[in-house]
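Structure first, then comments.
Any read-out appearing in this document is the output of simple, stated calculations on the displayed coordinates, not a laboratory observation. Just so we're clear, the structure is a prediction, and the values are computed from it rather than from any experiment. Neighbour counts run over all protein chains shown; Cβ positions are idealised from the backbone, glycine included.
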Amino acid sequence: MITAVYRYERFDPATNTELWRRIPGWRLRLMWLQAWVKRDKAARISYRAWLYANASGGGQWLAADMLDWNQEVIK
């Protein structure tokens, strides 16, 4: 079960870290519903399938347990 999902914001060259921002749960549900309406295959399967497909692809989203030592969470 994915508990928290973070979105890539930017790279900070001064501290050599990637900055990530948490996506609120209500925003994730809204984005899932939008994908479901657009007939996204993973969204049509289930919310968890859609979340896994987006957070495990190595793209702009990461699950909290996948953050590395050089990635920092910002508010």
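In whole angstrom, note down how far apart the Cα centers of the stretch 56-71 and the stretch 1-52 are. With the stretch 56-71 and the stretch 1-52 each reduced to a Cα centre, they are spaced 11 Å.
For the chain, the relative contact order is 42 percent, taking Cα pairs closer than 8 Å that sit 6 or more residues apart in sequence and dividing their mean separation by the residue count. Looking at the stretch 3-62, the trypsin sites (Lys or Arg not before Pro) that sit in a DSSP loop and have at most 16 other Cβ atoms within 10 Å of their own Cβ are Lys38, Arg39.
Projected label points at Glu72 and Thr17, each 7 Å from Cα along the beta carbon direction, are separated by 0.3 nanometres. According to the calculation over all Cα-Cα pairs in the stretch 33-75, the P(r) per 10 Å bin from zero is 26, 43, 23, 8 %. Ordered by the count of other Cβ atoms within 10 Å of each Cβ, fewest first, Asp68, Asp40, Asp12 give Asp68, Asp12, Asp40. Cα-based values for the chain, radius of gyration first and Dmax second, are 13.4, 42 Å.
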